[in-house]
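Here the structure is laid out as structure tokens; the discussion comes afterwards.
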Amino acid sequence: MNYFFVFQNKTYLKEKAGSYLWAPKRNKNGNRVSHWDRMLEVKKSDLIIHSYLKKIVAISIASSNAYSAYQPEELQKEKLWEDEGWRVDTKYYEIKKPIITSDHMKKIRELQPSHNAPFNSIGRGNTGYLFSANKELAKYILIQTELSQEDEISKNEINKIREQFGLLNLNETELLDDFGLVDLVEKLEIEDNEEVSYTRVPKEKLSLKTNDKGVPTYPRNLKIAMNALKLARFKCEFDNSHNTFIRKRDGKPYTEPHHLIPLSFHGDFPYSLDVEQNIISLCSHCHNLLHYGRDNSGVLEKLYNDRKDLLKEVGIEIRFEQLLSYY
């Protein structure tokens, strides 16, 4: 699966209306151009990020491989290019509240690929049409896009794209020893009818171990994460009225497990943080808000107040100011 970033300052409205990308095969001097030739790399089901007037305005999914096609009639009126070109049919998902690329340029430059990237070293868009992106950049942009939307329908549409491409912000489940949340559900759904409850005694801490990249990680228990979601009835614990969607595989509402006190701070506490009392069930929006939002203190304070007494039962005491400093 590939990812691309397209600049459409002159063509966005027309190409969106026609559900396609189009680029000429050669310039007026008969020469091939790399950012046009990149159209040949696009395959069906690839993801494309659309920029228009310095804003990310749409995400699309290719519904065809690139194929040879004459310049669409609506573009010919511009008289800017030769008629022979490459076309990709694509399904546009227009973003109701576009995000301004300059607001996120530092992170975009960090995440974009080292070759054929859309932006140069000073944060300006490179001259051209189609550039390479990658999974990390697409994930960041989709997360920021979802956070910026004001209506639940738009948020859910973006979230579905993220799930389709494996771009969910599984900050906790990415660290679950290479198990994703879908795998977690599948592994434990055989025990779906099992009753769960909080264990009211402190749990001994486990020793750190090293992952395949040599990074120390704190072991965690998949069953405990699922128990926490079950205890919350698969609802968002910041606001259980928040909309989510139903998973294809198990028919349950989609929520994500989040360690309220991050496991990376386990050294500050005498007992294990990998307990149901410290794991919150959150909708994707609230989960991303905690990790990426500019102001997450309101969400964090509500969750803290709901959990502080439960945490004390398992030997974990923390002031809100300390918790806030971890974020």
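The values are calculated or read from the model by the stated rules, or taken from the named source; none is laboratory data. Computed from a predicted model, the values in this text were never measured in an experiment. Here the Cβ is made from the backbone with ideal geometry for all residues, glycine too, and neighbour counts use every protein chain on show.
Confirm whether GLY267 is modelled with pLDDT under 95, surrounded by fewer than 22 Cβ atoms within 10 Å (Cβ to Cβ) and on the phi > 0 side of the Ramachandran plot. No. For the range 89-108, residues that are over 24 Å from ILE153 (Cβ atoms) and basic (Lys, Arg) total 2.
Do we have LYS230 as without any contact (Cβ under 8 Å) to a residue 40 or more places away in the chain, within 27 Å of ILE153 (Cα to Cα) and not in a loop (DSSP other than H, G, I, E, B) here?
Working: without any contact (Cβ under 8 Å) to a residue 40 or more places away in the chain: yes; within 27 Å of ILE153 (Cα to Cα): yes; not in a loop (DSSP other than H, G, I, E, B): yes.
Taking the combined requirement at face value, the residue satisfies it.
Can you find a residue that is without any contact (Cβ under 8 Å) to a residue 60 or more places away in the chain, surrounded by 18 or more Cβ atoms within 10 Å (Cβ to Cβ) and farther than 27 Å from LEU147 by Cβ anywhere in the range 280-301? No, the range 280-301 contains no residue that is without any contact (Cβ under 8 Å) to a residue 60 or more places away in the chain, surrounded by 18 or more Cβ atoms within 10 Å (Cβ to Cβ) and farther than 27 Å from LEU147 by Cβ. Of the residues examined, ILE100 is not one that is touching a residue at least 12 places away in the same chain (Cβ under 8 Å), crowded, with 17+ Cβ neighbours inside 10 Å and farther than 30 Å from GLY30 by Cβ.
In the set SER64, SER68, SER45, only one residue is more than 21 Å from the chain's Cα centre (by Cα), part of a loop (DSSP other than H, G, I, E, B) and of a type in the set (Ser, Thr, Tyr); that residue is SER64. Of note, TYR254 satisfies the criterion of being among the hydroxyl-bearing types (Ser, Thr, Tyr) and either in contact with a strand residue (DSSP E or B) (Cβ under 8 Å, 6 or more places away or on another chain) or within 26 Å of GLU157 (Cα to Cα) (or both). Does the range 212-222 contain any residue that is within 27 Å of LEU167 (Cβ to Cβ) and buried (at least 19 other Cβ atoms within 10 Å of the Cβ)? Checking the range 212-222: at least one residue is within 27 Å of LEU167 (Cβ to Cβ) and buried (at least 19 other Cβ atoms within 10 Å of the Cβ).
Is it true that TRP36 is touching a residue at least 40 places away in the same chain (Cβ under 8 Å), part of a helix (DSSP H, G or I) and crowded, with 20+ Cβ neighbours inside 10 Å?
Numbers: touching a residue at least 40 places away in the same chain (Cβ under 8 Å): yes; part of a helix (DSSP H, G or I): yes; crowded, with 20+ Cβ neighbours inside 10 Å: yes.
The answer is yes for TRP36.
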